[in-house]
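S.K.: Before I ask anything, here is the structure I am working with.
The values are calculated or read from the model by the stated rules, or taken from the named source; none is laboratory data. Just so you know, these numbers come straight off a predicted model, no measurement behind them. Please note: Cβ atoms are built from the backbone with ideal geometry, for glycine as well, and neighbour counts cover all protein chains shown.
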Amino acid sequence: MRDIRKEYELAKKEYAKIGVDTDKAIETLSSIRISMHCWQGDDVRGFLSKDELSGGIQTTGNYLGRARNVNELREDIKEVLSLLPGKFKLNLHAIYLDTDEKVDLDKIEPKHYASWVNFAKENDLGLDFNPTCFSHPLASSNFTLSSSDEHIRSFWVEHCKRSRKIGEYFGKELGIPCVTNIWIPDGMKDIPYDRVSPRKRLKQSLDEILEEKIDPKYNIDCVESKVFGIGLESYTVGSNEFYLGYATKNQIGLTLDSGHFHPTEMISDKISSVLLYVPHLLLHVSRPVRWDSDHVVIFDDELNEIARSLVRSGLINKTSIGLDYFDASINRIAAWVVGIRSTQKALLKALLEPTEYLNKVEEEQNYTERMVLTEEMKAMPWGIVYDYFCFINNKPLGQEYLSEIKRYEDVVLKGRK
Ligand code: RNT
Ligand code: ZN
């Protein structure tokens, strides 16, 4: 049997030697609400219609136990939360509305999401929101906010306007700002002739959507770029340059998704640049494997680099951290738990650096000490500090949660045929 308190005391002493306060790192980690994406639980299907997932994104796999309705999804989310230390937000898409009414996306209202607010209150969660501009008959042309068809364009403008109001409602109800993120799939499979007109229309649509001022105390607007989607390989209307310019000019938030750049291009090095120009950053932490494949987030180099960028630059307060992946080939509860715990570990590891000291060392151009320290820090006992964080929150240590996930699979998930 491990004596985790004793292990922690030893780790704490080791960190004290390099001037790091482990208690403080745990306290900071506890204050970061990672946003858990609801769509991992049901392969991005939602409850609006039976329409297939579209828009250039794809879930692969058919592991048993997909949540088929709002109750099952909530049951799963609660199961995940029971295995995680810390506080969270829940990230909803518009298609996860909970109502008996037959409402289309241009008619959604706060009341259709009221039960999620209750759920959030019961489970001490903040809420984030996303208009769903895909998996819908009016998105079948692969043009939404940039459509040349005025009927289609205005439908999506209305949907996005209403989405912001739902975000505002969440923020007011919960006292935690809602981040409302606009991502659209708009683009072309083959080479466009006219690259500018769709972008002009997207700009116009965003101007209309954002016309009503909403207090960022309640709702923070973000826009998410992409390099390409499946079946949309040749042209993406909402490119990085498009949204970086738009967010800077209009002083709204920018979303960086780790899967939305060229395969060797990392988002970690973009954080400190873009936050000089936009007031808020939303990260969609994902894991691209050769393309925007949305694999489960793991404790890899880029995840660590993202966490370091945030912590070292002191920019964590201007950043929201959301997860964005959808793997249907493994137990979905495990997929969530692994991604969230890995993200917490990366943040903690970064919080356990002697940041001020290393900044000074670097300023003095003492690159030898910088190298020695950053290398030696890699083998510091940060894992014990994470275990202790789990321990004081009464949550499973290490892989202990696997047996509970197996039990849940047997008792609950297997019954979902
Ligand atoms: C798609 C974007 C977008 C979606 C979610 C479901 O490439 O990453 O954020 O994954 O909104
Ligand atoms: Zn994303």
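S.K.: Is at least one residue of the range 380-392 in a helix (DSSP H, G or I), at pLDDT 95 or above and among the small types (Gly, Ala, Ser)?
M.R.: There is at least one residue in the range 380-392 that is in a helix (DSSP H, G or I), at pLDDT 95 or above and among the small types (Gly, Ala, Ser).
S.K.: Residues of the range 247-266 being away from ligand 1 (no atom under 15 Å from the Cβ), in contact (Cβ under 8 Å) with a residue 24 or more places away in the chain and either of a type in the set (D, E, K, R) or in contact with a helix residue (DSSP H, G or I) (Cβ under 6 Å, 6 or more places away or on another chain) (or both), which ones?
M.R.: Met266
S.K.: So which of Lys107, Lys89, Lys78 is surrounded by fewer than 22 Cβ atoms within 10 Å (Cβ to Cβ) and either in contact with a Ser or Thr (Cβ under 8 Å, 6 or more places away or on another chain) or farther than 30 Å from Leu397 by Cβ (or both)?
M.R.: Lys107
S.K.: Out of (1) away from ligand 2 (no atom under 16 Å from the Cβ); (2) farther than 18 Å from Gly238 by Cα; (3) touching a residue at least 40 places away in the same chain (Cβ under 8 Å), what's the single condition that is false for His151?
M.R.: (3)
S.K.: Kindly establish whether Gly253 is small (Gly, Ala, Ser) and under 23 Å from Gly231 (Cα atoms).
M.R.: On the way: small (Gly, Ala, Ser): yes; under 23 Å from Gly231 (Cα atoms): no.
Spelling it out, it is not the case that Gly253 is small (Gly, Ala, Ser) and under 23 Å from Gly231 (Cα atoms).
S.K.: Every residue in the range 48-92 that is assigned to a loop (DSSP other than H, G, I, E, B) and polar (S, T, N, Q), please.
M.R.: Ser49, Ser54, Gln58, Thr59, Asn62, Asn69, Ser82
S.K.: Scanning for something within 16 Å of ligand 1 (Cβ to nearest atom) and at pLDDT below 95, does the range 316-327 turn up at least one residue?
M.R.: no
S.K.: Out of Ile214, Ile220, report the one residue that is within 16 Å of ligand 1 (Cβ to nearest atom) and among the β-branched types (Val, Ile, Thr).
M.R.: Unique residue meeting the criteria: Ile220.
S.K.: Output the residues belonging to the range 134-191 that are out of contact with any helix residue (DSSP H, G or I) (no Cβ under 6 Å at 6 or more places or on another chain) and aromatic (Phe, Trp, Tyr).
M.R.: Phe134, Phe143, Trp156, Phe170, Trp183, listed by residue number.
S.K.: Sticking with this structure for a sec: Can you find a residue in the range 188-204 that is closer than 20 Å to Ser35 by Cβ, touching a strand residue (DSSP E or B) at 6+ places or on another chain (Cβ under 9 Å), β-branched (Val, Ile, Thr) and away from ligand 2 (no atom under 13 Å from the Cβ)?
M.R.: Looking through the range 188-204, none of the residues is closer than 20 Å to Ser35 by Cβ, touching a strand residue (DSSP E or B) at 6+ places or on another chain (Cβ under 9 Å), β-branched (Val, Ile, Thr) and away from ligand 2 (no atom under 13 Å from the Cβ).
S.K.: Let me ask you something else. Does the range 1-34 hold any residues that are of a type in the set (A, V, I, L, M, F, W, C) and either assigned to a helix (DSSP H, G or I) or modelled with pLDDT under 95 (or both), and which are they?
M.R.: Met1, Ile4, Leu10, Ala11, Ala16, Ala25, Ile26, Leu29
S.K.: Sticking with this structure for a sec: Before we move on, is Asp3 loosely packed, with under 15 Cβ neighbours inside 10 Å and out of contact with any Gly (no Cβ under 9 Å at 6 or more places or on another chain)?
M.R.: Here the answer is yes, as Asp3 does meet what is asked.
S.K.: Find the helices (runs of 4 or more DSSP H) located wholly in the range 286-372 whose residues include 1 or more that are within 15 Å of the chain's Cα centre (by Cα), and list them.
M.R.: 301-312, 332-351
S.K.: Something else about it: Mind checking which pairs have a first residue in the range 328-342 that is under 21 Å from Lys89 (Cβ atoms) and a second that is of a type in the set (Lys, Arg) and part of a helix (DSSP H, G or I), Cβ under 7 Å, 6 or more apart or different chains?
M.R.: none
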